[in-house]
Amino acid sequence: MRSLVEGEGTALVLYRIGPGTTFTPHRHRFPEYGTVVSGRARLLFDTGPRGIRGGDSYYVPSGLDHGLEVPSTSEPVVILHVAVGIAARVRAPMFRHLFRQTRSVLRAALADPPAVPSPPAA
């Protein structure tokens with residue numbers, strides 16, 4: 001994870017989530033938005049999973065139980081993620097469960113952030 005911008009209760013974060021990683025269902029008191037830069041993942045909702053891949057965007061309303069899994073055994077997913085209305089820095093207590101689950105993945109992402117691909121030529 002690399003926090004790109006934080007201010008006025010909003011955080012823009014670049015996540016590189018390793019193959020086989022699962023974030024167990026949880027909820028926040030703020031909405032979340034994101035765009036998948038590369039790779040594939042599944043957002044987990046009570047109504048069932050929603051597949052997302054490079055170029056897809058998503059919205060998770062505040063208070064909605066959700067999780068995420070990376071089904072690939074070889075490819076990470078890279079997500080540009082926005083959390084709006086958070087009360088403190090991204091390392092706030094509400095995010096500690098995510099850090100515990102992916103500590104080694106996050107360290108690797110900070111040490112070697114992925115390159116953001118160039119847009120296709122028009």
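Every read-out reported here was derived from the displayed coordinates using simple, explicitly stated rules and does not represent laboratory data. Fair warning: this is a prediction, and the values are worked out from it, not measured in the lab. Because the Cβ atoms are built from the backbone with ideal geometry, glycine has one as well, and the counts that use them run over all protein chains shown.
Whole-Å semi-axes of region 1-45's equivalent ellipsoid, largest first, each the root of 5 times a Cα gyration tensor eigenvalue?
Numbers: eigenvalues 80, 47, 17 Å².
The three semi-axes for region 1-45 are 20, 15, 9 Å.
Residues of region 1-44 with amide nitrogen under 11 Å from the 7 Å Cα-to-Cβ point of Arg50?
Under cut-off, by backbone N: 32-34, 43-44.
Report ³J(HN,Hα) in whole Hz for each residue of region 19-34, in order, from the Karplus equation J = 6.51 cos²θ - 1.76 cosθ + 1.60 where θ = phi - 60°; Gly and Pro get x.
In residue order, the calculated couplings are x, x, 6, 10, 9, 5, x, 7, 9, 10, 8, 9, x, 10, 10, x Hz.
How far apart, in nanometres, would the label points at Thr10 and Thr22 be if each is projected 7 angstrom from Cα along the Cα-to-Cβ direction?
Each label point lies 7 Å from its Cα, and together they span 3.4 nm.
So who's got an amide H within less than 5 Å of the one on Ser38, skipping anything under 5 residues away but keeping other chains? H placed 1.01 Å off N, in plane.
Here Val78 satisfy the definition.
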